[in-house]
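The values are calculated or read from the model by the stated rules, or taken from the named source; none is laboratory data. Quick caveat: nothing in here was measured; it's all calculated off a predicted structure. Cβ atoms come from the backbone with ideal geometry, glycine included; neighbour counts cover every protein chain shown.
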Amino acid sequence: LMRPLQGWRGRGILVGTVTLCLAAGWALQTPGGVSLVVPQPNINATVAQNILLSVEYSCRGIATIEWKHVSSWGTTSIVEWRSGNYVNISTVYKDRVTTFKNGSIQLRNVGMRDAGYYFVTVMEEHGTNAYGTIIVNVYEIIYEDLHFVAVLFAFLAAVSAILICFMWLCNKSLHLFQKKTTHTLTASTTEEIELETIEC
């Protein structure tokens with residue numbers, strides 16, 4: 001009873017190996033296939049800053065890249081282009097977007113409405129797609145912090161001015177004291193000379 005089972009297992013392993021080899025060969029010969037890498041899935045930016053939504057794709061055929069922005073204000077198509085053919089930028093982003101060959105885009109002068117999710121789709125001509133997502137957080141410049149820094153700077157400047165004045169007064173007092181001491185010593189020396197002269 002065991003021998004037929006072992007023979008069947010051997011045949012199954014052989015068939016599986018052959019099938020795997022054929023599948024691998026077919027995959028290598030198939031012109032399709034696309035891969036997409038998102039090196040920085042989270043981006044923090046401040047208002048008016050330029051940001052780079054960086055991706056890297058590879059495919060055997062001609063790819064079409066599409067970027068969309070999804071936020072609480074809705075979904076907006078940013079740009080769509082086909083490698084080597086055309087670039088279709090939405091009118092909302094007309095003067096703010098730069099595309100790159102690797103599928104990345106640069107978004108200039110971001111505002112609070114630019115925060116949200118950015119979806120990139122790479123569509124290969126043979127029907128294979130790849131998807132990526134980047135989350136962008138946009139923060140306002142907090143002017144209260146700048147005010148605090150300005151006040152601190154003014155305080156330090158005032159303290160420095162007071163210290164400089166104090167050092168100047170100390171130096172002046174020391175100079176006057178030295179001058180007075182020198183004058184006293186000179187007067188004492190003169191008196192001693194006069195006394196010696198009288199004694200003589």
**Asked** Do we find that D95 is of a type in the set (D, E, K, R) and at pLDDT 95 or above in this structure?
**Response** no
**Asked** Of all the residues that make up the stretch 129-144, how many are under 17 Å from E80 (Cα atoms) and crowded, with 16+ Cβ neighbours inside 10 Å?
**Response** 3
**Request:** Within the stretch 49-85, track down each residue that is surrounded by fewer than 17 Cβ atoms within 10 Å (Cβ to Cβ), of a type in the set (A, V, I, L, M) and at pLDDT 95 or above.
**Result:** L52, V70
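Identify all residues within the stretch 76-96 that are without any contact (Cβ under 8 Å) to a residue 24 or more places away in the chain and under 24 Å from A48 (Cβ atoms); write none if there are none.
Listed by number, the residues that qualify are T76, S77, I89, S90, T91, V92, Y93, K94, D95, R96.
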